[in-house]
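Everything on this sheet refers to the single structure shown next.
The values are calculated or read from the model by the stated rules, or taken from the named source; none is laboratory data. Owing to the predicted nature of the structure, the values given are computational and were not obtained by experimental measurement. Glycine also receives a Cβ, built like all others from the backbone with ideal geometry; neighbour counts cover every protein chain displayed. Surface areas here come from the heavy atoms of the whole protein model, side chains and all, with no ligands, DNA or RNA. Shrake-Rupley method; radii C 1.70, N 1.55, O 1.52, S 1.80 Å.
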Amino acid sequence: QVQLVESGGGLVQPGGSLRLSCVASTRIFSNYYMHWYRQAPGKQRELVATISSGGTTNYVDSVRGRFTISRDNAKKTVYLQMNNLKPEDTAVYYCNTQVGPTGYWGQGTQVTVSS
């Protein structure tokens, strides 16, 4: 059983920055790949960024160069640093990990980019 709790969302102007955090309650966090997804109103949930257990990262093209995923295994936390935010980044952001056949999700945190 893995519990994920996101925080850090909010309202920001275009060009601004936010840092999302996701704390995991699990014994073996360092072994897990961790992901950030987002879902905008009326759209499908999309994978935004992934970090492997070894620290390798991958991003969807629309955020590459603006977003950075990182992890602190001692704190069992994964971060998403979001810079140069655009209105199209507005969505609920979810933390996710997969343990065997089971996917675990946080409750989501709202990010709104608007002037």
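Just a few scattered comments:
- Just the protein heavy atoms count here, and of the accessible area of the chain at 1.4 Å, carbon and sulfur take up 47 percent.
- Surface per residue (accessible, 1.4 Å probe) for the range 44-115, Å²: 50 Å²
- Sparsely packed trypsin sites (Lys or Arg not before Pro) within the range 1-56, loop by DSSP, other Cβ within 10 Å at most 12: 27, 43
- Relative contact order for the chain, counting Cα pairs under 8 Å that sit 6 or more residues apart, in percent: 37 percent
- Inter-site label distance for residue 26 and residue 5 at 7 Å from Cα along Cβ, in nm: 1.7 nm
- Here the chain is assigned +1 on the Cβ of each Lys and Arg and -1 on the Cβ of each Asp and Glu. Its dipole about the Cα centre then comes out at about 160 debye.
- Gyration tensor verdict on the range 68-115 (Cα atoms; rounded if a/c is under 1.5, prolate if a/b is larger than b/c, oblate otherwise): oblate
- Just checking the listed ones, 11, 20, 80: in the Gaussian network model of the chain with Cα springs under 10 Å, the one fluctuating most is 11.
- Listed residue (11, 83, 22) projecting farthest to the positive dipole end of the chain, Cβ model: 22
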